[in-house]
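Accompanying notes for the structure given below.
Please treat every number below as a calculation from the coordinates, not as lab data. Computed from a predicted structure; not experimentally measured. Every residue, glycine among them, receives a Cβ derived from its backbone with ideal geometry; neighbour counts consider all protein chains shown.
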Amino acid sequence: MGETILQVKNLCTVLDLSSGTVPVVNDVSFDVGVGETLGIVGESGSGKSMTALSIMQVLPKPIGRIASGQILLEGTDLVGMSNQQMGQIRGREIGMILQDPHTSLNPVFTVGNQVIEALEINNPGTARKTLRAHAIDALKKVNVADAERRIDAYPHQMSGGMKQRVVGAIAIAGAPKVIIADEPTTALDVTIQLQYLQLLRDIQDETGTAIIFITHDLGIVANLCHRLVVMYGGKIVESGTVADVFGAPSHPYTEALLKSVPSVDQKLDRLYAIDGQPPALISDRVGCSFAPRCPYALDICRNQVPQESDALSGAKSHRASCWNMERTT
Amino acid sequence: MMAPPILEVSDLTRHFTIPHGLLGRQEHIVRAVDKVGFSLEHGQTLALVGESGCGKTTLARMLLKLLTPTSGTVKIEGKDVGTMSKAEIRQFRTNVQAVFQDPWASLSPRMRVFDIVAETLVINDNLTKGELTRRVDEALIAVGLRPDQAKNYPHEFSGGQRQRVAIASAIIAKPKLIILDEPVSALDVSIRSQIMNLFKDLQDDVGCSYVIVAHDLGTTRFMADRIAVMYLGKLVEIGPTDDMFDAPCHPYTQALLSAALPLRVGKAHEAIVLRGEVPSPVNPPTGCPFHPRCQSVLGEICKTSPPAPKELGSQNHIMSCHIDV
């Protein structure tokens, strides 16, 4: 892959709740290169969406804030930038696609209006007519059939898959260097999901944009991403290339996740189940956050936070945070 | 004589009319479910799959007698649901239960777990307080909750636990058939396998049958003995799970099942990417409703004549398509 475009270094994001300050993203570091797709995998409460919101600096106000760390876009730190400065980044440098296409478009404007608005911000002063032509091109690029007519449609006149394509058109309107896609296909049907993933791949091939793909679906990661990070309880527990992590899952949580997904290739009698519940947000956790559910947990796991170390595949880029990677119990 | 199957559906049809035009004087007809027929044996699981808008949920609601069919019949153990007497309907309401997708919406926030779980029994059986408590405790234990949690309210539980409460209330009356409408899609990945194993265990213990509506194909393969694929209100293929996954016959089934992304890295995934989207059910295509998107369309015949269902090898595997297999 190409050179690093976005680098997140030791990011800590907290929520100031009435019950206390709670870390939701805890010392998270990763990077993504030109033309690369990075998957962020985790379940609800793992901090994957909060990581995305931190990069865009659109954390829930007033409770969310970045406590420490750096977010380097081509070497420039985004943390501490004013809202006005971030306005230049959002859409133009980093685009975002959210989960639910039904709520991410404004129902009282035509989709053309919304694509044109995104184009206008990036090309101020351009004639409306030119922008409209550009918008039609953008809609064609995301495979909206009959774009000349559909540009005047309102969101409610479109299906979910079509709307998500429009959201994609808005996201790429500013030719961003990085696209953050937060579960963009969760609300879509499987056949439409396939079309959409193909679309993202095509956009990437053409423009070389880096994609950060947030999902809980390991099937998508296996088929779309080059590298992945697995998050649990606000921390990255494992990271590496897709081949290394799927081939030699080193954190017990990654291993369990891979085992618990029902296979479409064969019929199983029983699924592997992870006991217990995902961790709640608490401020004073000691030890590994997966320890209460981990079949391999040792005493040290409950008392001391594990450090990141080389993972089982032996590859340089494959890292995991586990005290008991050799599974001695 | 063999006992009648737990569920027998024949020519089941449900049309909805949508007001249209000035002052809504004209009407459009949506054929949400159109001449669907299948049967389900005791202790078996049938999965209904298809894209949104294909009529899965409408069909499930008719099985639950929450919607009246426009025509056709639903028979439970040989008894027509449409012509039941009041007493029989009561019996039906205990015999057929449902678990819905969203455990945040399906449990009353103002009722304690005990009352939620016991409700079916309170309405239908005349039990003593002690007997009722014993049955509720049994149901809670069966779904992996503790009897002392019966005094709690739904908001005190996590999503997975709430779904367990919903399942407890579905199984307490020892139903013969449970309709599961996307029972795990609202749950976290690590919780889904717990709940799916629970469904399997309950089936082994009490021998109930399931009709499961699911869009996740891995879930379907794990849960179902047979799969019914729907497209625009029509049943396009039905057959045993392994046959359907290993050798799907209908072009739509092939495309739908190939859209599942396997957990394999390296080898490129060969999927059939369908053109376009599901057409509007208000104005479905002529002939075979799938022909505008079909990757193996034959020609004029697909556009003009709707394909009739035909048996493939065994009577268990039926599809509606003009192609020869």
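So the values come out like this:
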read-out	value
Segment A:45-139 - charge dipole about Cα centre, Lys and Arg +1 at Cβ, Asp and Glu -1, debye rounded to 20	180 debye
Assigned charges on the beta-carbon of Lys, Arg, Asp, Glu; chain B dipole about Cα centre (debye)	720 debye
Size of electric dipole in segment B:62-221: Cβ of Lys, Arg +1 and of Asp, Glu -1, about Cα centre, debye, nearest 20	300 debye
Per-residue Cβ neighbour rank within 10 angstrom, fewest leading, B:83, A:209, B:241, B:73	B:83, B:73, B:241, A:209
Under 18 Å from residue B:79, Cα to Cα: aspartates and glutamates that are on another chain or at least 8 residues apart	B:8, B:11, B:41, B:88
Chain B: Cα Rg divided by the 2.2 N^0.38 Å rule of thumb	1.07
Relative contact order [Cα under 8 Å, 6+ residues apart], chain B, whole percent	19 percent
Partners for residue A:48 among lysines (Cα-Cα distance below 22 Å; same-chain residues under 8 apart left out)	A:9, A:61, A:177, A:235, A:259
Which of B:104, A:323 has the fewest Cβ neighbours within 10 Å, and the rest in rising order	B:104, A:323
Cα-based reach from residue A:140 at 16 Å (exclusive), listing lysines while leaving out same-chain residues under 8 positions away	A:163
Relative contact order computed over segment A:174-253 (Cα-Cα under 8 Å; 6+ residues apart), in percent	25 percent
Contact order normalised by residue count of chain A, Cα under 8 Å, 6+ apart, percent	20 percent
Selection from A:278, A:114, A:60 lying farthest towards where the dipole of chain A points positive, charges on Cβ	A:114
21 Å Cα-Cα threshold exceeded, pairs from A:267/B:176; B:129/B:174; B:65/B:310; B:176/B:310	A:267/B:176; B:65/B:310; B:176/B:310
DSSP-defined antiparallel bridges as percent of all bridges, chain A, nearest 5	60 percent
Given chain A, longest segment not containing exposed loop GluC sites (Glu not before Pro) (DSSP; at most 11 other Cβ within 10 Å)	A:4-325
Cα-based helix-to-principal-axis angle, B:86-95 vs chain B, degrees rounded to 10	90 degrees
Neighbour-count ranking [beta-carbon atoms within 10 angstrom, fewest first] of B:256, B:132, B:217	B:132, B:217, B:256
Shape box of the protein assembly as shown [Cα atoms, principal axes, largest first, Å]	78, 65, 49
Diffusion constant of segment B:152-288 at 25 °C, which comes from Stokes-Einstein with the Kirkwood Cα-pair radius and 0.890 mPa s, µm²/s	142 µm²/s
